[in-house]
Amino acid sequence: MKITTEDIRVAFHAREILKGVSIESENKELVGIIGPNGSGKSTLLKCIYRILKPDAGSVYLDGEELHSMSVKDSARKMAVVAQHNYYNFDFTVREVVLMGRAPHKKTLERDNARDYQIVEESLKTVQMEQFAERTFSTLSGGEQQRVILARALAQQTPALILDEPTNHLDITHQIMLMELVKKLNVTVISAIHDLNIAAAYCDKIYVLKEGNLEGYGTPQEVLTPELIRRIYRVESEIVYDSHGKMHILFL
């Protein structure tokens, strides 16, 4: 699925958070959104997954304007792994993942054997099947993040939106998550904090700073010492390992 934003503008209390941001993800691309804290990454993603309605501009899913679609229709096309996930009730892990099946259900339709099979497969994929009966709120931040990814997998959508998905994860599960996402064969748009994660996994990167788009291209085109200095105000060096993979060293 192709996702496009055109001239997205968002302001809060006279402060402009996004100043006309346009991005485009082709079918099955993994697109990274990078930038310092406060640059507008999460705000842009919230506009894409319709938690926020932009003050101006539009979001398109395969050419169809997002807000012309029902919420359920867009949820069949796009799943979300957000940064913060709070529940007021003591849901089990299995119940949280089952929520991913909701867009595929009619009103009051009960979960069936196929739904439970998809949930079990999703939990197994993120290595959380042994936690199925645990209460979600008792899990660590990293464990919760993996459950939310399982919920998104259970939704079975052609696109996935991730808001800094490797937050709270140890290095083992950071790599596991990104390898899994890369192999899903779906369109992915992700805000990414770690530039080396972006370099390793993204097909294309967009750079935000203070609500403006400051650059875009492949990791090799975008992640240069000059851009990193301009955007993050740190010195860096680009090196390549014995496998030819790009790494950023901060000096």
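The values are calculated or read from the model by the stated rules, or taken from the named source; none is laboratory data. Note that this is a predicted model, so its numbers are computed, not measured. Cβ placement follows ideal geometry from the backbone for every residue including glycine, while neighbour counts extend to all protein chains displayed. Surface areas here come from the heavy atoms of the whole protein model, side chains and all, with no ligands, DNA or RNA. Shrake-Rupley method; radii C 1.70, N 1.55, O 1.52, S 1.80 Å.
In this entry, Arg134 is excluded by the filter for residues that are open to solvent by less than 50 Å² (accessible area, probe 1.4 Å) and in contact (Cβ under 8 Å) with a residue 24 or more places away in the chain. The set of residues in the stretch 36-76 being part of a helix (DSSP H, G or I), more than 25 Å from Asn167 (Cβ to Cβ) and open to solvent by 30 Å² or more (accessible area, probe 1.4 Å) consists of His67, Ser68, Val71, Lys72, Asp73, Arg76. Within the stretch 170-209, being closer than 15 Å to Ile148 by Cβ and among the hydroxyl-bearing types (Ser, Thr, Tyr) holds for one residue alone: Ser190. Residues in the stretch 1-35 that are open to solvent by 10 Å² or more (accessible area, probe 1.4 Å) and part of a loop (DSSP other than H, G, I, E, B): 8 in all. In the stretch 98-112, the residues that are without any contact (Cβ under 8 Å) to a residue 60 or more places away in the chain and of a type in the set (A, V, I, L, M) form Cβ pairs under 7 Å with partners that are part of a loop (DSSP other than H, G, I, E, B) and surrounded by 10 or more Cβ atoms within 10 Å (Cβ to Cβ), at six or more places apart or across chains, as follows: Leu98/Asp111.
Only residues that are in contact with a helix residue (DSSP H, G or I) (Cβ under 6 Å, 6 or more places away or on another chain) and either buried (at least 20 other Cβ atoms within 10 Å of the Cβ) or not in a helix (DSSP H, G or I) (or both): list them for the stretch 99-110, please. Across the stretch 99-110, the qualifying residues are Gly100, Arg101.
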